[in-house]
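Chemist: Dropping a structure here in structure tokens format, bear with me for questions.
Nothing in this text is a laboratory measurement; each read-out follows from the coordinates by a stated rule. The structure presented is a predicted model; accordingly, all values stated were derived computationally and were not measured. We place every Cβ from the backbone using ideal geometry, glycine too, and count neighbours over all the protein chains shown.
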Amino acid sequence: MRMASHKNKETFPIRTVSALTGINPVTLRTWERRYHLIEPIRTPKGHRLYTKEQIEMLHKVVSLLDSGIAISRINFDLIATEREVSHNNEFWARLINRMVLAVTKYDESRLENTYNEALALYPIETVTKSLLMPMLTKLGDRWANGEGTVAEEHFFGVYLRNKLGARFHHRKRHETGPALITACMPGEKHEAGILLFALSAYDHGYRCIMLGTEMPLTELPAAVAQSGANAIVLSTSFQSDPDVLRAEVSELCSEVNVPVFIGGLTSVAYAEIIRQAGGIPLGIDIDESFGHIKTELNKSPH
């Protein structure tokens, strides 16, 4: 039920807001009183009315709660200004720099605080895309340029693996969606990228058969046959020898009847070589990857 506009803003009663957001009216009143979350408009009789912007904010709060963030940790003022912050690259750059500093100091507490600050404002998908993926790239660049150490990369890798492990435990399960074999290319010791991809894949309705790091490609045709997988997704971030990459991908593609996707920095540097070998480069944007995967699977008779 819609109510008359208030100062040119359309408003809705609490029972409608409850139906739209799934939040019990008692809970809404408690959040208002205890956390000063959203100050509704009051009618002369004292009834609460909410604007569309406030309802949108409540949807974001529900999303944060669903991702495991406690209501007491959510920064409501930051959520209210999310549109402004989301276009401010300085915000993400500040968090990335803080996390890099924490890694160089092997300071897990600072890592945790920074990660939680982002999660208190943004849904996990945004944090993954705007914080974790750039963080992995920056650490890789530091190592390649001699500024960082392998120990730093491993420290962050273990931290991230522990965080992702908890998310895997609570992930939505899909029993009937397309199955993807996910693994790291031979020589790739860093699995954070493929783990982040797999988590996002679950959200997109896929099932993942995760095979971990340094997977021998010669084992994958049998894995496809035994599992009935619909595609293979490989991750590689180091700069491979292009001739070796071409030979390995070509041999794999000739032995399987499903699409072979390759993501990570190597898929950007050697995209054309991957295509010539029969593979499909995905790049480093996880969200865009699923568009390519969906298109190819729609073509595939498998």
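Chemist: Restricting to Cα pairs below 8 Å that are 6+ residues apart, what does the relative contact order work out to for the range 235-302? Please round to a whole percent.
Modeler: Value for the range 235-302: 33 percent.
Chemist: Counting alpha carbon pairs within less than 8 Å and at least 6 residues apart, what relative contact order, in whole percent, applies to the range 85-169?
Modeler: Computed value for the range 85-169: 29 percent relative contact order.
Chemist: Could you calculate, for the range 129-236, the ratio of the Cα radius of gyration to the Kirkwood radius, expressed as Rg to Rh?
Modeler: Here Rg/Rh amounts to 1.00.
Chemist: Can you list residues whose amide H is under 5 Å from Ser235's amide H, if they're 5+ apart or on another chain and H is modeled 1.01 Å from N?
Modeler: Residues meeting the criterion, in which the H sits 1.01 Å from N, are Ala183, Cys184, Met185, Gly263.
Chemist: Report the full-extension gain for the segment Asp66 to Thr104: residue separation times 0.36 nm, less the Cα-Cα distance, to one decimal in nm.
Modeler: Gain on stretching Asp66 to Thr104: 10.5 nm.
Chemist: If you look at just the Cα atoms of the range 3-68, how large are its Rg and its Dmax in Å?
Modeler: Here Rg and the maximum Cα pair distance are 11.7, 38 Å.
Chemist: Evaluate the distance, in nm, between pseudo-label points positioned 7 Å from the Cα of Lys189 and of His59 along their respective Cα→Cβ axes.
Modeler: Computed distance between label sites Lys189 and His59 equals 4.5 nm.
Chemist: Could I ask something else about it? Nearest 10 degrees, 0 to 90: what angle lies between the long axis of helix 25-35 and the longest principal axis of the chain (Cα atoms)?
Modeler: Helix 25-35 sits at roughly 90 degrees to that axis.
Chemist: While we're here: Please list 3J(HN,Hα) in residue order for the range 206-212, calculated via the Karplus relation 6.51 cos²θ - 1.76 cosθ + 1.60 where θ = phi - 60°; whole Hz, with x for glycine and proline.
Modeler: Once θ is set to phi - 60°, the couplings for the range 206-212 become 8, 9, 10, 10, 8, 10, x Hz.
Chemist: Which of the residue pairs Lys189/Lys299; Lys105/Lys163; Lys138/Lys189; Lys60/Lys189 have a Cα-Cα distance greater than 27 Å in the structure shown?
Modeler: Result: Lys189/Lys299; Lys60/Lys189 exceed 27 Å.
Chemist: Taking Cα atoms, how many degrees apart are the long axis of helix 133-144 and the longest axis of the chain, rounded to 10 and kept between 0 and 90?
Modeler: That helix lies at roughly 40 degrees to the long axis.
Chemist: Let me ask another. Semi-axes of the equivalent ellipsoid for the range 179-299, please: Cα gyration tensor eigenvalues, times 5, square-rooted, ordered largest first, whole Å. Let's see the in-between values first.
Modeler: Numbers: eigenvalues 68, 51, 41 Å².
Semi-axes, largest first: 18, 16, 14 Å.
Chemist: Let me ask something else about it. Given a Förster distance of 30 Å, report the FRET efficiency between Thr137 and Ala166 from their Cβ-Cβ distance, rounded to the nearest 0.05. Display every interim value, and only then the final one.
Modeler: Working: r = 23 Å, r/R0 = 0.78.
That gives a FRET efficiency of 0.80.
Chemist: If r is the Cβ-Cβ distance from Met210 to Lys45 and R0 is 51 Å, what FRET efficiency results, to the nearest 0.05?
Modeler: Once the sixth-power term is evaluated, E becomes 0.35.
Chemist: Normalising by the residue count of the chain, find the relative contact order in percent from Cα pairs under 8 Å and 6+ residues apart.
Modeler: 10 percent
Chemist: Could you give the angle, 0 to 90 degrees to the nearest 10, between helix 150-169's Cα long axis and the longest principal axis of the Cα atoms of the chain?
Modeler: So the inclination is approximately 60 degrees.
Chemist: Of the labelled options (1) 18; (2) 37; (3) 23, which one gives percent of Cα pairs over 33 Å apart as computed for this structure?
Modeler: (2)
Chemist: Mind checking the full-extension length gain between Glu112 and Asn257? Use 0.36 nm per residue of separation minus the Cα-Cα distance, one decimal, nm.
Modeler: 47.9 nm
Chemist: Restricting to DSSP H runs of at least four residues, report the calculated mean residue ellipticity at 222 nm for the chain, -39500 (n - 2.57) per run over all residues, nearest 500 deg cm²/dmol. Don't skip to the answer; put the middle values down first.
Modeler: Details: 16 runs with 167 residues, N = 302.
Counting only the DSSP helices, I get -16500 deg cm²/dmol.
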